[in-house]
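Accompanying notes for the structure given below.
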Amino acid sequence: MLDHTDKLWCADITYIRILTGFVYLAAVIDALSRYIVGYAIGRIFAAKLLLEAPKMAIRTRNTANLVHHSDEGI
C-alpha cells in the first residue's frame, strides 16, 4: 500500500513531434503524488537520455526503501 511519497517511482519514455522532427522525453513519476520527480529531454533516443531522468530524481528526493518500475527496463 502506498502511504508515502517516494515509495514507488514509475518511469516512461515518449516522443514529441516538433517542427524540425522529434524530441524524446524520459520521465520518472512518483506513483502516489503523480508528481514528476525527474525528467530529461533530448533530440537523440539514447541510453544517456534514459539515465538522466532517474539521476535527477535521486539527487532531489528521498530514495530509502524505494521501488523503481519501468516497462522499458531502465
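Measuring r between the beta carbons of residue 64 and residue 36 and using R0 = 25 Å, the FRET efficiency lands at 0.80. Mean sequence separation of contacting Cα pairs (under 8 Å, at least six apart), scaled by the length of the chain, corresponds to a relative contact order of 34 percent. Residue by residue, region 17-33 carries 3J(HN,Hα) couplings of 7, 10, 4, 9, x, 9, 10, 10, 10, 10, 9, 10, 10, 6, 5, 7, 7 Hz when phi is fed to the Karplus relation 6.51 cos²θ - 1.76 cosθ + 1.60 (θ = phi - 60°); x denotes Gly or Pro.
Taking only the C-alpha atoms of the chain, the Rg (one decimal) and the largest Cα-Cα distance, Dmax (whole number), read 12.9, 44 Å.
Fewest-first ordering of 39, 15 by other beta carbons within 10 Å of each residue's beta carbon gives 15, 39.
Sorted on the mean count of surrounding Cβ atoms within 10 Å across their residues, most packed first, peptides 17-29, 48-60 read 48-60, 17-29.
Candidates 66, 54, 19 compared by Cα position along the dipole of the chain: farthest toward the positive end lies 19, with charges placed on Cβ. Helix 47-60 axis versus longest C-alpha principal axis of the chain: approximately 40°, rounded to the nearest ten.
For 3, 71, 30, which order do you get if you count the other beta carbons within 10 Å of each Cβ and list the fewest first?
Numbers: 3 6, 71 9, 30 21.
Least crowded to most crowded, the residues run 3, 71, 30.
Every read-out reported here was derived from the displayed coordinates using simple, explicitly stated rules and does not represent laboratory data. What you see is a predicted model, and the numbers here were worked out from it, not measured in a lab. As a convention, Cβ positions derive from the backbone with ideal geometry for all residues, glycine included, and neighbour counts pool all protein chains shown.
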